[in-house]
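Here's the structure, in structure tokens; my notes come after.
The values are calculated or read from the model by the stated rules, or taken from the named source; none is laboratory data. Nothing here was measured: the structure is a model prediction, and the numbers come from that model. So basically every Cβ, Gly included, is an ideal-geometry build from the backbone, and we count neighbours across all protein chains shown.
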Amino acid sequence: MSFYKMIAIDIDGTLLNSKSELTKRTIDILKEASERGVYIVLTSGRISTNVKNFCNKIGANQYLIAENGASVINLKTNEVEYSRYIPKDVVNKVLDICEENSIYYMVYTQKELIVKNIKYMSLFFYKQNYNPNARIKQVVAGRDYIDQCDEKFTKLMICDEDRSIYKSIIKKLRKIDGIDILPVPHVSTKKINNNGKEFEIQYSYADISAAGANKWTAIQFLANKLGIKQEEIIAIGDNINDLHMIHNAGLGVAMENGSPYVRKVANVVAPSNDKDGVAQIVEKYVLRWRLFLRRQ
């Protein structure tokens, strides 16, 4: 049995390459680790229904962590075993500030992504992930829809092209009780294909979650349930929402293509997501026998 008993892995920019593909090498390595008794746990900012397909492909068939740690899902029973949601009155306080200052926002529930119009990250999501048969649904609607929504609110995201306006809104939002704000310190750039033409969008964004909800607190809950120690956990990610888990895990791994802020706190920097960095880390630290055989 490997010393490491759990591997928590981010999806976008980590598990998937820059074309949003899951490679055969990564699938094979993670399936083997799972078969050897290691818990493979995907820890994503995505809605849980948009993560389960990846879980099936890599053999991570026991638990998943979704919505940046807002929920832990038991894949055997499909039950939410842990959750930290944002109360609707707090959601409305955030949206009041956004609308007063013309800041773009996205509201996430367990099943939907609610937007007033499609732009920024929402446009990227729509172009790259839209599938009429998908269980996740993007809804274009206003505040009335949100007021009548009975789903749990898992997180919010705010975006703006103007960096100074964005920073001033972050200061206002920090005065609201009951939320944690995770501002990305750099301007995000996304390339989008539209009718055969590629164009680029740039914006600043921040994730907003219930106070105390992050990937590491969800991992802690799961580790305690499974009797796994902190030093027996590997956490692999690339972005600011992975910072807590990379900093606290027994082996914190940042991707070479990741944020410099994340790489700074990591124990190890993995090759990029276009070089099967996740597979290389798992092979080196969990499936060491493979490397031994290669040297023979």
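Scan the stretch 196-232 for residues that are within 19 Å of residue 185 (Cα to Cα) and assigned to a helix (DSSP H, G or I) and report the count. Total meeting the criteria: 1.
Within the stretch 5-29, track down each residue that is aliphatic (A, V, I, L, M) and either outside the structural domain of residue 254 (by TED's automatic domain parsing) or touching a strand residue (DSSP E or B) at 6+ places or on another chain (Cβ under 9 Å) (or both).
From the stretch 5-29, those aliphatic (A, V, I, L, M) are 6-9, 11, 15-16, 22, 27, 29; that's our starting set.
Residues satisfying the conditions are 6, 7, 8, 9, 11, 15.
Can you tell me which residue is modelled with the lowest pLDDT among those in the stretch 135-172 that are among the hydrophobic types (A, V, I, L, M, F, W, C) and more than 16 Å from residue 115 (Cβ to Cβ)? It comes out as 165.
Checked against (1) small (Gly, Ala, Ser); (2) more than 30 Å from residue 143 (Cα to Cα); (3) in a loop (DSSP other than H, G, I, E, B), residue 102 meets all criteria but (2).
Name the one entry in 37, 59 that is more than 16 Å from the chain's Cα centre (by Cα), among the small types (Gly, Ala, Ser) and surrounded by 16 or more Cβ atoms within 10 Å (Cβ to Cβ).
Values: 37 fails: surrounded by 16 or more Cβ atoms within 10 Å (Cβ to Cβ).
One residue alone meets the criteria, 59.
Please determine, by comparing only the residues of the stretch 259-271 that are assigned to a loop (DSSP other than H, G, I, E, B) and surrounded by 17 or more Cβ atoms within 10 Å (Cβ to Cβ), which one is farthest from the chain's Cα centre (by Cα). I'd like the intermediate steps shown before the answer.
First, pick out the residues of the stretch 259-271 that are assigned to a loop (DSSP other than H, G, I, E, B): 259, 266-267, 271.
Among the residues that remain, those that are also surrounded by 17 or more Cβ atoms within 10 Å (Cβ to Cβ) are: 259, 266.
Values: 259: 14, 266: 17 Å.
Among residues in the stretch 259-271 that are assigned to a loop (DSSP other than H, G, I, E, B) and surrounded by 17 or more Cβ atoms within 10 Å (Cβ to Cβ), the one farthest from the chain's Cα centre (by Cα) is 266.
Inside the stretch 51-87, residues that are without any contact (Cβ under 8 Å) to a residue 12 or more places away in the chain, outside any strand (DSSP E or B) and of a type outside the set (Val, Ile, Thr) make up a count of 3.
Just to be sure before I move on: is residue 42 without any contact (Cβ under 8 Å) to a residue 40 or more places away in the chain and part of a strand (DSSP E or B) in the structure I sent?
Here the answer is yes, as residue 42 does meet what is asked.
Restricting the first member to the stretch 200-224 and to residues that are acidic (Asp, Glu), and the second to residues that are not in a strand (DSSP E or B), the beta-carbon pairs closer than 9 Å and six or more apart or on different chains are 207/45; 207/68; 207/184; 207/240; 207/241. Annotation: residue 102 fulfils all but one of (1) of a type outside the set (Val, Ile, Thr); (2) outside the structural domain of residue 278 (by TED's automatic domain parsing); (3) on the phi < 0 side of the Ramachandran plot; the unmet one is (3).
Only residues that are farther than 21 Å from residue 284 by Cα and in contact with a Cys (Cβ under 9 Å, 6 or more places away or on another chain) were counted in the stretch 32-61, giving 1.
The single condition among (1) within 18 Å of residue 278 (Cβ to Cβ); (2) surrounded by fewer than 19 Cβ atoms within 10 Å (Cβ to Cβ) that residue 248 does not meet is (1).
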